[in-house]
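The values are calculated or read from the model by the stated rules, or taken from the named source; none is laboratory data. Bear in mind the structure is a predicted one, so any value in this text is a computation, not a measurement. Here the Cβ is made from the backbone with ideal geometry for all residues, glycine too, and neighbour counts use every protein chain on show. Heads up: the accessible areas ignore ligands, DNA and RNA and are worked out on the full protein's heavy atoms, side chains in. Shrake-Rupley method; radii C 1.70, N 1.55, O 1.52, S 1.80 Å.
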Amino acid sequence: QVQLVESGGGLVQAGGSLRLSCAASGSIFSINAMGWYRQAPGKQRELVAAITSGGSTNYADSVKGRFTISRDNAKNTVYLQMNSLKPEDTGVYYCNARTYEVNYWGRGTQVTVSS
């Protein structure tokens, strides 16, 4: 089992920045990749950014150049630095941890970007 706890969401004006954190605990040795997804009202959950255990990263086209995913292995924590935020970035952001068998999800943290 893997437990994920997100933090760092909030309300910010367009053009501002936020940093999300996701602390993992439990069977962290089984994790192959971690990522951030978001879900806006009335829309499907979508991948924002992901990072593998080898350090490879992947971003949605809509956030490339603005968001950066990183990790601190000593703290078992993954971060999402979000800069130049836009109103369309508003949504609930979920941390995800992927193993060979199971996808684990955090409870989500709300990000609201006002225009």
Margin query: Cut-off under 15 Å on the C-alpha distance; same-chain residues fewer than 8 positions from LYS75 excluded. Which aspartates and glutamates are left, in chain and number order?
Written below: GLU6
Check: Between PHE29 and SER84, what length comes free when the chain is fully extended (0.36 nm per residue of separation minus the Cα-Cα distance, one decimal in nm)?
Finding: 16.4 nm
Item checked: Share of carbon and sulfur in the accessible heavy-atom surface of the chain [1.4 Å probe, %] -> 47 percent
Notebook entry, point to check: Tell me which lysines have Cα within less than 28 Å of LYS43's Cα, excluding those fewer than 8 residues away on the same chain?
Noted result: LYS64, LYS86
Checklist line | Mean-position separation - Cα centroids, region 54-115 and region 19-33, in angstrom | finding: 12 Å
Notebook entry, point to check: How large is the charge dipole for the chain, taken about the Cα centre, if only the Cβ atoms of Lys, Arg (+1) and Asp, Glu (-1) carry charge, to the nearest 20 debye?
Noted result: 80 debye
Notebook entry, point to check: In region 2-93, what trypsin sites (Lys or Arg not before Pro) fall in a loop by DSSP, with at most 13 other Cβ atoms inside 10 Å?
Noted result: LYS43, LYS64, LYS75
